[in-house]
Structures are given as C-alpha cells and as structure tokens.
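The values are calculated or read from the model by the stated rules, or taken from the named source; none is laboratory data. From a predicted model like this one, the values you see are computed outputs, not experimental measurements. Here Cβ is always computed from backbone atoms with ideal geometry, including for glycine, and neighbour counts include all displayed protein chains. In case anyone asks, the SASA skips ligands and DNA or RNA and just uses the protein heavy atoms, side chains included. Shrake-Rupley method; radii C 1.70, N 1.55, O 1.52, S 1.80 Å.
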Amino acid sequence: MPDSARIEPSPLARRLRLKLAEWLAVVAHLRLPAPSILPATGALVGFYAGLAAGLFSALISSIQLLGFGLPRVLQTLDAPGRHPVRESLARAPWHLEYLVAGALVAAALLILARLVPAGGVGSEALERTETRARLRVIAFMILGGLALFYPVVALSAVNDAFGVNPNGGLLGLLEETPWALRPLFAGLGGVLIARVVRLAPEARGGGLGQVIHAVSRSGEGVIPTRVGVVKLFASSLTIGTGGSAGREGPIVQMGGSVGSTLAQALGFTRRDLVVLVGCGSAGGIAASFNAPIAGAMFALEIILREFEVRVFAPIMLASVTATMTARAMAGARVEPHEFHLRSSAEVLAYVLLGILGGVMAVSYTRGMDYADALCRGKLNNRVSSWLASQTDTARCVLGGVAVGVLGIFTPAVMGSGIESLSLATSGVLAWHVLVAAAVLKLVATSITLGSGASGGTFFPALFIGGMSGGAFGALLEHLFPGATGGPGSYALVGMAACVAGFTRAPLTAIVIVFELTNDYTAILPLMVACTSAGALCQAVLGHAHGPSSLTAAIPDRPVREFMGTSEPPVSERANYDELREALLRSTHGLVVLVDVAGKLVGLALLHDIQGHLQDESIRDVVRARDLARPLRTLPDDVDLRSARESLDDWELPAAPVVSRDDPARLLGMIGLSDIRAAARAELTKVHASTH
C-alpha cells in the first residue's frame, strides 16, 4: 500500500498506545519487597483468621447438634409445611460481591505475574522471580479464602435452621437433653479428642502459650500449619461435646500458623514472619469477641510485646479484616451490654472487685497447673501415679466424664458458657448460682485441659471473672440498695479484672470489655479493677509472658567458648550453583563471602534463595555478590547475651566470630541454636543443683 494511502492512528489511539507502553514499563520494573506488602499481607492473614473463627463456630454447633440436639433436629425436620434448612440458606449472608471483588483482584495479580519479564542480570533477575512468585501466592491465597468462605456460610446457615447458639453455648440444648447423657457425650468426646490430638501432640492445652513460645521464646515464629488445623478440629470436639474451654485459643493458634506459613511462602525475614504471626493472633481475638481494637492490643501487648510503628499497620488491618469477615458470616451485629455507675464513690468498690478478680485469676492459674501436674504424674500421690500410667485416651475420657458430672449440677460449666455469661452481665442470675458457676468452671476447665483435651484458656477467665463480679455486685446491692450499678455492671468489670490478672495484660482486658459496652463511663472502673488485679497477680505469680527462663539462663560468658567451626568461605564471584551447594551444606544456612584477596566482604543466607532453589532461569545470571548481605561479625570476647541481641537486630540466624585483635581473622561461627543450647545446659545445671 502506498504511503499516502496509509491510515494514520488517531491522537487518542496514540495516547492509549503510549500509556500502555508506559504501564508495561512500570510492570517490567515491578518490585514487591517484603516491607512494602507487609500491611496487605497482614490484612490477608486477618481474613483467614476471620474464616477460622467462622469455621470453628460452625463446627462446634454441628457437633453439639449431633450430640445434644438430635431430638431438636428430628422435631424441626418433622414439622409439617416447613423447610427450615432451605429457608435458612435463603436468608444466609452470602455476600456475592466478595466473590466478584476477590476474583477480580486475584485475576489482576495473576496477570501482573505473567507480565513481569523473566530477564535481567544478577540480583535484578532474582528480584523479578521473587516478585512473580509473591504475586501468585497472594492471588491463590485470595482464591483459597473465597473457596472456604461460602461453605462456612452454608454450614452456619444449616446450624441456624435448628436454633443453636453460634458462639458455642450449650445451655439451650442441655435443657432439652436428659441429664444422664451429659457425662456420656463428654466421655465419648474424650475418645475422639485423643485420636485427633495424636496427629499433632502440640495441639493439647490452651494454644496461646504455644504462640507466645514461638514468637518470644524460640525467636523464630514458626508455627506448623498442621498444628493449627489439628488444634481447630480437636478444640471443636472439646467444646462441642461439653468440655470446658474457650474458643479464642484455637483461633489464635490457627491464625498464627496461617501468618507463619504465608510469611515463609513469601520469603519474608524472621522479623516480618513474627509480625504476621501477631496479625493472625490479632485477627483471632478480634473475630472471637467482635472487638477489632482489642484484637490489635492483644497482639501488641501479649504476643509481640512491642509497639513499634512498623507493626501497627499490618496488625490493625488484620484486626479489621478479621472482624469484617466474622461479621459477614454471622450476618448480625453484637448489641452492646449496658453499664451503670451510680456515683464516683462507687469506683472504690471496683478496687475491691479488682482484688477479687486477681484472687480468682491466681486460683485459676494454680488450678490448671495442679491438674496438669496431677495427670502427668508429677505429684507425689497414688492418684497422680495412676493417672500417669493411663493412656492419653483414657485420661481424656475420664476428664470428659468428670466435667459431664459437674454439668449435671451446673450446666453452665459445659461448653464455652457464653449463654450463662450473658445472663450474668444482664444481672438476672441469683448470687448462689453465680458463685457455683465461677468455682465449678475453674475446676471444669482445669480438668478438661489437664486431661489432655484442647481449647482456649482466655474465655474461661472471662467467665470466671464475670460470675465472680456478678456475685460481688449482688452482695453490694444487698448491703447498699440503690447505691450501686447492679450485678450486671460488676460482672462486666469482673470479666476484665480476671483476664487482666490471668494474662498480666491490663490494656487488652480494658479494651475488650470497653468494646463490649461502648460506654465511656466504664473506663474508670475498668482501669482501677484491672490495675489492682494485674498488680496482685504479678506479685504472686510473676510475669505471665515476660522474658522466658531460657533467655534469662543465657550464661554471661564469651562467644568463643560456644562457637562452632565456620564453613569454608565462598568467593563473591561464585556462580549460583556453587553458592547454593555451600549454603545447603552449612550448619546455620549462612556462609561468609570473600573477595579475590581473601578479605571478608559479606554474608549469604539460605533464606534469601529458598524460593529459587530449583529455578533454572537465574542460575547463569546470578553470582554470589548479587545476593550478598552486609558483613556482620562478632568479636570473640563478646558475651552470649549481647551476641543474641545483635543477631536479633541484624535478623540473622548466625554470625561469623572474628578475633578482637585481628578483625580480618575468621575464628568460627555462633548461631541462635548455639546460644539456646548453652542456655538449656545452664538450666539443667541449675535444676540439678536444686533437686
């Protein structure tokens, strides 16, 4: 065709073409470093924590229906002219807009991943490969969450058709069940729990301690997904069959395991991995109590124990998305509880309530410790020795039957007890019922968790505090008619006081109950009660989640006494295959890089290439110097505690040890595992000398 006949593109087409070229250029240089996507990843972890909360509640309700509510199910299905399941599914909160939005976002991320070019040289090629992998992981996590959301909504709707409490309360169903069946179903639950827990023994107990251990004590933040999943199912069996435990511990552990797994899949640093574990924990509490601020405070005060600006955004977003997800699946909002304060002088009574809450928290802690020691044979008596000789299944069955027997006299101790707690905060329960429920709930929870079942410890503390506070309020109302806010108000503050004492985290306790009331007049009573309870428990029990005994036992001796031999240094000019082999052989996943003159110039970490071990596209373009981190060394005379602090600050699993007199002389390698081994050896010496 002649040039004169050629059709010139319009100005609009030229502008669109130019914009497309500019956009493709941006995509070609797209980078997704961990710090830039940490907040968004935290929100994604919160979404999964909310899903875990919804799934957990639905599983508990289903198990309760099968065990205690079968007559109700049959009666509802036999009702003429009614289709309860169909009706419930029709009015369920499906939120199809979530499906559309999530699918579009996931599709956009997958398209971006394909558009990012695979070329480049050195570190640029590695960054592009990492960006593509991160985009794909996030996209598939979004799709996986959507695939779980709608089945959970459907299961919740089926449970709702038969009128079960979505929060795990058993009181309504127990009133319709013959009393003799309570220990029978609880004992049967013990058989099932023992079989499930056998898949992951770490799932026994409360769950909160394991998360804190992973973050604060081992310092690595790794929580296997298998443990979180087993914990979720085992705890649903525990609460569903009548065991006394809370809902929050399994959700916190499941959320933390999702954060840990996602951080590892995205190749985050150890510090960012710990933050995402905190995001899962925050989301678990926020979804459990419909309290996003309390969820964030819980993660900052109890799990992470730091209030740095860099962790605020992901923690807050995780709490918000978890709460939104849980509300979307529940389809309803929680009404605030009423709080009344007659006069400022009444605050003095809340000081006494705080002391009572502290006493109950100490009793609760000691009771669980005693039950655990009794079942493990640590007490010097025949009962303890006999229980220790039994199988895990037998102990779980005995524990279930014992709680079922207690439930014959006080049904409130079975399950989560949320219905009875709501009655206490409404001020309608008699004082003797409140006292019996508080004492027997303490005993029942200790038996349930001590016998090897799985569940949370946080909500039972709320229950015990609420019942104790309600009884205290009823006493004051009897002594001073019309001068107090009533038993319901004291039950609310008692909840916070007992939790503050149990966790030694008063801020979290204050915020949880404040979000339940939405009443600013509750702040002063909450502050004085939680402070009193926390101070009492700290004086009696010490710090709940402070520096671990392992950290405190690190000996004050130089690193040269504990360092291991260093792997041969690797040339900074080494190709990718040579570096990979050296890192895979290394003890700590770290090697020292040297230049042609043999001078130490940097460090290379296995963590930095874990997502690319089998990636053939970068083997010919990446050299060791492209992956080098700044050189960090420790003098041979520095003490182990200072070395541990330096490794944490540098986010390194180990560091080379050099001579103080000659920093160019490499002497060995010291790692976090070496420091922990030294601390364990020191603890063993101390225990041996005191026993």
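In this structure, V383 does not qualify as among the β-branched types (V, I, T), farther than 20 Å from T457 by Cβ and modelled with pLDDT of 95 or more. Residue check: is G243 open to solvent by less than 40 Å² (accessible area, probe 1.4 Å), in contact (Cβ under 8 Å) with a residue 12 or more places away in the chain and under 30 Å from L181 (Cα atoms)? Spelling it out, G243 is indeed open to solvent by less than 40 Å² (accessible area, probe 1.4 Å), in contact (Cβ under 8 Å) with a residue 12 or more places away in the chain and under 30 Å from L181 (Cα atoms). Among the residues making up the stretch 583-600, a single one is crowded, with 21+ Cβ neighbours inside 10 Å and either in a helix (DSSP H, G or I) or without any contact (Cβ under 8 Å) to a residue 12 or more places away in the chain (or both): L583.
Here F458, F463 are screened, and the one residue that is touching a Lys or Arg at 6+ places or on another chain (Cβ under 7 Å) and buried (at least 24 other Cβ atoms within 10 Å of the Cβ) is F463. Comparison of V334, V351, V277, V359 shows that the only residue that is under 15 Å from the mean Cα position of the chain (by Cα) and either over 20 Å from S257 (Cα atoms) or modelled with pLDDT of 85 or more (or both) is V277. Checked against (1) out of contact with any Pro (no Cβ under 6 Å at 6 or more places or on another chain); (2) hydrophobic (A, V, I, L, M, F, W, C); (3) in a helix (DSSP H, G or I), F339 passes all but a single condition, namely (3). When A424, A444 are screened for being in contact with a Gly (Cβ under 9 Å, 6 or more places away or on another chain), under 14 Å from I239 (Cα atoms) and open to solvent by less than 10 Å² (accessible area, probe 1.4 Å), only A444 passes. Looking only at residues that are part of a loop (DSSP other than H, G, I, E, B) and closer than 21 Å to E248 by Cα in the stretch 161-179, which one is modelled with the highest pLDDT? In this case the residue turns out to be L170.
Total residues in the stretch 418-438 satisfying the condition of being within 28 Å of the chain's Cα centre (by Cα) and within 18 Å of A497 (Cα to Cα): the figure is 5. Among the residues of the stretch 624-675, the ones that are open to solvent by less than 50 Å² (accessible area, probe 1.4 Å), part of a strand (DSSP E or B) and among the charged types (D, E, K, R) come to 1 in all.
For (1) assigned to a helix (DSSP H, G or I); (2) within 26 Å of F233 (Cα to Cα); (3) open to solvent by less than 10 Å² (accessible area, probe 1.4 Å), each residue gets a yes or a no:
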{"position": "L44", "(1), (2), (3)": "yes, yes, no"}
{"position": "L51", "(1), (2), (3)": "yes, yes, yes"}
{"position": "F56", "(1), (2), (3)": "yes, yes, yes"}
{"position": "R72", "(1), (2), (3)": "yes, yes, no"}
{"position": "T76", "(1), (2), (3)": "yes, no, no"}
{"position": "R82", "(1), (2), (3)": "no, no, no"}
{"position": "V85", "(1), (2), (3)": "yes, yes, no"}
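Determine whether V397 is open to solvent by 10 Å² or more (accessible area, probe 1.4 Å) and within 29 Å of A287 (Cβ to Cβ). Here the answer is no, as V397 does not meet what is asked.
Looking across the stretch 294-330, the residues that are closer than 29 Å to A491 by Cα and open to solvent by 50 Å² or more (accessible area, probe 1.4 Å) come down to R305, M316, V320, M324, R327, A330.
For the stretch 338-384, the set of residues classified as within 30 Å of L199 (Cβ to Cβ) and open to solvent by less than 70 Å² (accessible area, probe 1.4 Å) consists of Y364, T365, G367, M368, A371, D372, A373, L374, C375, G377, L379, S384, listed by residue number. Of (1) under 16 Å from A53 (Cα atoms); (2) at pLDDT below 90, V152 satisfies all except one. Which? Here V152 clears every test but (2). Just one of the listed residues (L348, L353) is assigned to a helix (DSSP H, G or I) and free of Cβ contacts under 8 Å to residues at least 40 places away in the same chain, namely L348.
Quick check on P80: is it without any contact (Cβ under 8 Å) to a residue 40 or more places away in the chain, of a type outside the set (D, E) and closer than 24 Å to L262 by Cα? No, not satisfied. Of the residues making up the stretch 495-529, those that are open to solvent by less than 10 Å² (accessible area, probe 1.4 Å) and over 20 Å from G473 (Cβ atoms) are T503, A505, T508.
Scanning the stretch 601-623 for residues that are modelled with pLDDT of 85 or more and open to solvent by 50 Å² or more (accessible area, probe 1.4 Å) yields V601, R623. Within the stretch 427-439, restricting attention to residues that are open to solvent by 40 Å² or more (accessible area, probe 1.4 Å) and touching a Pro at 6+ places or on another chain (Cβ under 9 Å), the residue that is farthest from L356 (Cα to Cα) is V428.
Within the bounds of the stretch 462-469, is there any residue that is assigned to a loop (DSSP other than H, G, I, E, B), more than 25 Å from G228 (Cα to Cα) and hydrophobic (A, V, I, L, M, F, W, C)? No, the stretch 462-469 contains no residue that is assigned to a loop (DSSP other than H, G, I, E, B), more than 25 Å from G228 (Cα to Cα) and hydrophobic (A, V, I, L, M, F, W, C).
You will find that of R204, R182, R195, the residue that is at pLDDT 90 or above, buried (at least 23 other Cβ atoms within 10 Å of the Cβ) and either under 22 Å from G415 (Cβ atoms) or charged (D, E, K, R) (or both) is R182 and no other.
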